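Read the structure below first, then the notes.
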Amino acid sequence: MKKTNPMVKAALLTTAVAMVGTLAACGASTDTKTTPSSASSTPSPAAAGAKKEITLRLFSNLPDRKSGQGLAEQMAIDSYVKDNPHIKIDVEALAEEPFKNKLKAYMASNEPIDVTMVHGGAELSTLVKAKYVKELNAKEYEGDKYNFFPGVYKSFEFDGKIYGLPRNSDYEVIYYNKKMFADNGVKVPATYNELLDVAKAFRAKGITPMSINGKDLWSFGLLYQNILQRVSGDQSLILDAVDQKKTFAQDPSFLKTAQLMSQLRDVKMFQDSFMTADYGASQNLFTQGKAAMWFMGSWEAGMATNDKLPEAFRSNLGVAKFPVVEGGKGKESDLLAWNGGGYSVTTSSKNPDEAKKFFDYLMSANQWAKYAWETGAAVPAQKYNLTGKESEVQKQLTDILVKASSTAGASFIDYGSPAFKDDVQNAFGKFFAGTFTPEQLTAELQASAEKQKK
């Protein structure tokens, strides 16, 4: 494959993605199940040689193994098993929230899994403090074999040491149904006021304007951060507030953002009962044509190539940047972007040497990164080549990244301590449930920053 100049630009911008920080939650599939995995064909004893047969366990948040990121992950696993016929890999894969809960249980019981998916920042910090994941040598992952964009380890770095590697470059966008917009004479919003008008227009026709996974809470934090950047024009403002270099009361942009967010409640932007909708439910509402938009990340690029979804939906899937705020300092080219979820090797592995070999193979540039891009599943955290077979959604996502004038580098809810994340998410839950005013939300964000212990 021939390398292209736009990817050079993407490399530079993805470097900026990782300059500040940490990670928010990554998307997962709508299915919930446990999936065993082994070699696609049984090798002969001669092929296996005298090597001892070993079973490794991978814990994943990608339960759909037939499409999207789950397919990309499975392709890398199958490739490894083919090259190492004495190895069997059992995959346990759960949807996002069940995955997070079970990983906490595994950590508490020191469950002997070998490689696990991890979310960086606050959640990985908990695993590091419990000594459940192994320290890695960053120098081992330099060079063309792995081809990571510079600076992408920040989400996985604690006290100068790394405990995992990223798989994606993640950034927030608005996915929208082009046919629903066209059929109802609604214009894709470029400004915040236009976004509010879009909500009113669709509501008038009995259509849900935007789907969101309110039950999971973390999307609210990303939404707040996105609006704040559009108001202030400063990607670092909220991160400085988490670090207590500034206060949430110091800059009027924080309260202004909360006030703007309250307008989303007033116009009924989100689906009815959005506070009880998890990731899968919010995605299903959108893919089934029951919501015109979905606020989500670049990790859902695979919707465009997922043949389980209706062709009418896939052919009408569009991607839009988050609207600018009238009178705000943020530009449409500023991007809420960071480095996404990744993988770690656990200290509980019964086969640590083989676990490390599999981990290194998985993170090689010609494995996860290659399969994730070629299947249209995600934008990798490693340099990738354009194949000429990209979906329109992939092209749009690449264009958004390449043309970004600034990136956040971190999700603020993951930038602080685990306790800070819990407190902030609960505050957003109260706000969107209607029990917090904008002033109360801003005060609670400040209180959460002050009491955290990193």
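Does Ala404 satisfy the criteria of being outside any loop (DSSP other than H, G, I, E, B), touching a helix residue (DSSP H, G or I) at 6+ places or on another chain (Cβ under 8 Å) and of a type in the set (Gly, Ala, Ser)? If you could, list the steps in order and put the result at the bottom.
Details: outside any loop (DSSP other than H, G, I, E, B): no; touching a helix residue (DSSP H, G or I) at 6+ places or on another chain (Cβ under 8 Å): yes; of a type in the set (Gly, Ala, Ser): yes.
Judged against the criteria, Ala404 is not a match.
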query: For Tyr176, are the conditions met, namely being open to solvent by 10 Å² or more (accessible area, probe 1.4 Å) and assigned to a strand (DSSP E or B)?
result: yes
field: Per-region count, the range 147-190, residues farther than 17 Å from Lys134 by Cα and not basic (Lys, Arg)
entry: 26
task: Considering every residue within the range 401-410, establish whether at least one is surrounded by fewer than 21 Cβ atoms within 10 Å (Cβ to Cβ) and either at pLDDT 95 or above or at positive phi (or both).
output: no
message: Just to be sure I understand the filter: pairs with C-beta atoms under 6 Å, separated by 6 or more residues or on different chains, first member in the range 62-79 and more than 12 Å from Thr375 (Cβ to Cβ) and at pLDDT 95 or above, second member open to solvent by less than 10 Å² (accessible area, probe 1.4 Å) and among the β-branched types (Val, Ile, Thr). Which pairs pass?
response: Ile77/Ile89
- request: Return only the number of the condition from (1) within 21 Å of Glu172 (Cα to Cα); (2) under 20 Å from the mean Cα position of the chain (by Cα); (3) buried (at least 19 other Cβ atoms within 10 Å of the Cβ) that Ser391 does not satisfy.
  value: (3)
- line: The condition of being in contact (Cβ under 8 Å) with a residue 60 or more places away in the chain and closer than 18 Å to Asp334 by Cα holds, among Leu239, Leu228, Leu196, Leu217, only for Leu239
statement: If you go through Ala249, Ala241, Ala204, Ala258, the only one that is small (Gly, Ala, Ser), closer than 17 Å to Glu444 by Cα and surrounded by fewer than 17 Cβ atoms within 10 Å (Cβ to Cβ) is Ala249
query: Which residues, taken from the range 114-132, are under 15 Å from Ser60 (Cα atoms) and among the small types (Gly, Ala, Ser)?
result: Gly120
Conditions (1) part of a helix (DSSP H, G or I); (2) more than 27 Å from Asp216 (Cβ to Cβ); (3) acidic (Asp, Glu); (4) in contact with a helix residue (DSSP H, G or I) (Cβ under 8 Å, 6 or more places away or on another chain): number failed by Glu439: (2)
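Restricting attention to the range 132-153, report how many residues are open to solvent by 90 Å² or more (accessible area, probe 1.4 Å) and in contact (Cβ under 8 Å) with a residue 40 or more places away in the chain.
Of the residues in the range 132-153, 2 are open to solvent by 90 Å² or more (accessible area, probe 1.4 Å) and in contact (Cβ under 8 Å) with a residue 40 or more places away in the chain.
Of all residues in the range 237-274, how many are within 22 Å of Thr191 (Cα to Cα) and polar (S, T, N, Q)? Show your work before the answer.
Within the range 237-274, the subset within 22 Å of Thr191 (Cα to Cα) is 237-238, 252-271.
Filter once more, so that each one left must be polar (S, T, N, Q): 253, 257, 259, 262-263, 271.
Residues that pass the stated criteria total 6.
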message: Anything in the range 180-215 that is within 16 Å of Trp294 (Cα to Cα) and either among the polar types (S, T, N, Q) or modelled with pLDDT under 95 (or both)? List them, or say none.
response: Thr208, Ser211, Asn213
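Picking from Ala277, Ala291, which residue would you name as being in contact with a Ser or Thr (Cβ under 6 Å, 6 or more places away or on another chain) and among the small types (Gly, Ala, Ser)?
When all the criteria are applied, what remains is Ala291.
The values are calculated or read from the model by the stated rules, or taken from the named source; none is laboratory data. Everything numeric here is computed off the predicted structure, so don't read it as measured data. In this analysis, Cβ positions are derived from the backbone assuming ideal geometry, glycine residues included, and neighbour counts consider all displayed protein chains. With ligands, DNA and RNA removed, areas are computed over all heavy atoms of the protein, side chains included. Shrake-Rupley method; radii C 1.70, N 1.55, O 1.52, S 1.80 Å.
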